[in-house]
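Q: Structure in structure tokens, see below.
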Amino acid sequence: MKAWRVVRHGRPSLALELSKLPLPAPGAGQIRIATRASALNLNEVDGCHGRYKTIDPPLPYTLGMEAVGVVDAVGPPHPGASGLEPWLGKRVALTGAGATGAHAQAVTGDAAMAFESPPGLDDAAAAAFFFPFHVAFLSLVERGGLRAGETLVVHAGAGGVGSAAVQLGAALGARVIATAGGPEKVAFCRALGADLAIDYRREDFAAAVREATGGRGADIVCDLVGGEVTRQSLSCLARGGRLMLTGFSGGIEAEDEAGLVPRPILFGNVSVCGVMLAYAPDAFPEAAGLGLFPRRVGERVQERLVALLEAKQIRPVVGRTAPYTELPAELERLERRETMGRTILRW
């Protein structure tokens, strides 16, 4: 099979090589798909540069977090679990094992991180559905407890997860304020359902949020940027507000750097919450410091999201599609912040 591997560190056009590899065999609790589409993520750019420490396997390795395809092989079940044969022949969105391996003609991953793709979506839309909307739902609803009538701020509202969070917030009856860089992306956020969109390049978003809320502040901030944006967000939260740390598009280094100080958290009477999309088999033992969601939570989230999709209250946003041969160029376009929604590769 063909697979894009990181063979050295640098910008994607230097770091990546299209290699020919044997088909991977699924291990215990895993399935394998014949890939139809794969989705680009900003942390894959970080992986090329060697600065993403959460996913940092030894070189060379196959890049890519998520793909859509048809299940053509299954591994043995975990001890005490049911067999995986019912997955065979289904079109699914799958996270590659270890959050790698998805930019390839065949992908293996844990069945706990696979979800059947809604039949009304083509392959590109299916690849743009799973990750963004699951992350947004976990942030806003599962962890953030968003309620109708509350004010929600979504940073990076024109991006993959941001565009999902804007739509989801609007569908759940929140007043949505989005931030984005440049007039085109601001207009895009409004078209997705944002009541107010702020160009952070031209104005102080925290001051704009305070003004838009009559000085009260927002009830919840979905922070997909990190760094200084995280710190500024504390100044535009209402009493009892929730700051959801959901991503680090402003620079992955912020994931491991000290940033918040206690005073504004205490004085604001606000909460700071972390969000990570990772589902484990329901029988997986809980472990302090690694708060994986059980599979049953993922199934409940998927059911809610598919219902909203079928009601046409949300839709996956495919900003660009390209053949798989264009992965390095498309990742560099993503790195330059030239994209909106998700970029999908066709296999």
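Q: Going through Gly259, Gly241 one at a time, which residue ends up being in a strand (DSSP E or B) and farther than 30 Å from Ser82 by Cα? So that I can check it myself, show each step before the final result.
A: Numbers: Gly259 fails: in a strand (DSSP E or B).
The unique qualifying residue is Gly241.
Q: Let me ask something additional. Look through the range 246-271, keep the residues that are modelled with pLDDT under 95 and among the aliphatic types (A, V, I, L, M), and return whichever of them is surrounded by the fewest Cβ atoms within 10 Å (Cβ to Cβ).
A: For the range 246-271, the residue satisfying everything is Ala258.
Q: I've got another one for you. Give the range 277-298 a look and list any residue that's touching a residue at least 12 places away in the same chain (Cβ under 8 Å) and farther than 19 Å from Ala99 by Cα, or say none.
A: Asp282, Ala283, Arg296, Val297 - these are the residues of the range 277-298 that are touching a residue at least 12 places away in the same chain (Cβ under 8 Å) and farther than 19 Å from Ala99 by Cα.
Q: Quick one: which strands (runs of 3 or more DSSP E) sit completely within the range 111-207 and have at least 1 residues that are under 22 Å from Ala311 (Cα atoms) and free of Cβ contacts under 8 Å to residues at least 12 places away in the same chain?
A: Numbers: elements: 114-116, 151-154, 175-180, 196-199.
Ranges flagged: none.
Q: From the residues in the range 294-316 that are farther than 16 Å from Ser117 by Cβ and touching a helix residue (DSSP H, G or I) at 6+ places or on another chain (Cβ under 6 Å), which one is surrounded by the most Cβ atoms within 10 Å (Cβ to Cβ)?
A: Taking the candidates together, the pick is Arg295.
Q: Looking at the range 63-79, which of its residues are in a strand (DSSP E or B) and aliphatic (A, V, I, L, M)?
A: Here is the first cut: in the range 63-79, the residues in a strand (DSSP E or B) are 66-74.
Answer for the range 63-79, where residues must be in a strand (DSSP E or B) and aliphatic (A, V, I, L, M): Ala67, Val68, Val70, Val71, Ala73, Val74.
Q: Of all residues in the range 279-318, count the ones that are at pLDDT below 95 and part of a loop (DSSP other than H, G, I, E, B).
A: Number of matching residues: 10.
Q: Still on this model: Tell me, please, whether a residue that is free of Cβ contacts under 8 Å to residues at least 40 places away in the same chain, under 18 Å from Ser117 (Cα atoms) and among the hydrophobic types (A, V, I, L, M, F, W, C) can be found in the range 70-78. Write out each step before concluding.
A: Our first condition is that a residue be free of Cβ contacts under 8 Å to residues at least 40 places away in the same chain; within the range 70-78, this holds for 70.
Still in the list and also under 18 Å from Ser117 (Cα atoms): 70.
Then keep just the ones that are among the hydrophobic types (A, V, I, L, M, F, W, C); that gives 70.
Scanning the range 70-78, I find at least one residue that is free of Cβ contacts under 8 Å to residues at least 40 places away in the same chain, under 18 Å from Ser117 (Cα atoms) and among the hydrophobic types (A, V, I, L, M, F, W, C), so the answer is yes.
Q: Do the conditions hold for Ala207, that is, is it surrounded by fewer than 21 Cβ atoms within 10 Å (Cβ to Cβ) and among the aliphatic types (A, V, I, L, M)? Can you show your working first?
A: On the way: surrounded by fewer than 21 Cβ atoms within 10 Å (Cβ to Cβ): yes; among the aliphatic types (A, V, I, L, M): yes.
So Ala207 passes the test.
Q: While we're looking at this one, here's another question. Given Leu63, Leu42, which one is touching a strand residue (DSSP E or B) at 6+ places or on another chain (Cβ under 6 Å), assigned by TED's automatic domain parsing to the domain that holds Ala104 and hydrophobic (A, V, I, L, M, F, W, C)?
A: Working: Leu42 fails: touching a strand residue (DSSP E or B) at 6+ places or on another chain (Cβ under 6 Å).
Checking each option against the conditions leaves just Leu63.
Q: Would you point out the residue of the range 31-45, among those that are surrounded by fewer than 24 Cβ atoms within 10 Å (Cβ to Cβ) and in contact with a Gly (Cβ under 6 Å, 6 or more places away or on another chain), that is nearest to Gly247 (Cα to Cα)?
A: Arg36
Q: When residues of the range 55-75 are filtered for being touching a Leu at 6+ places or on another chain (Cβ under 8 Å) and either of a type outside the set (A, V, I, L, M, F, W, C) or surrounded by fewer than 18 Cβ atoms within 10 Å (Cβ to Cβ) (or both), how many remain?
A: Number of matching residues: 5.
The values are calculated or read from the model by the stated rules, or taken from the named source; none is laboratory data. Note that the coordinates shown come from a computational prediction; the quantities given were computed from them, not determined experimentally. No Cβ is skipped: glycine too gets one built from the backbone with ideal geometry, and neighbour counts run over all protein chains shown.
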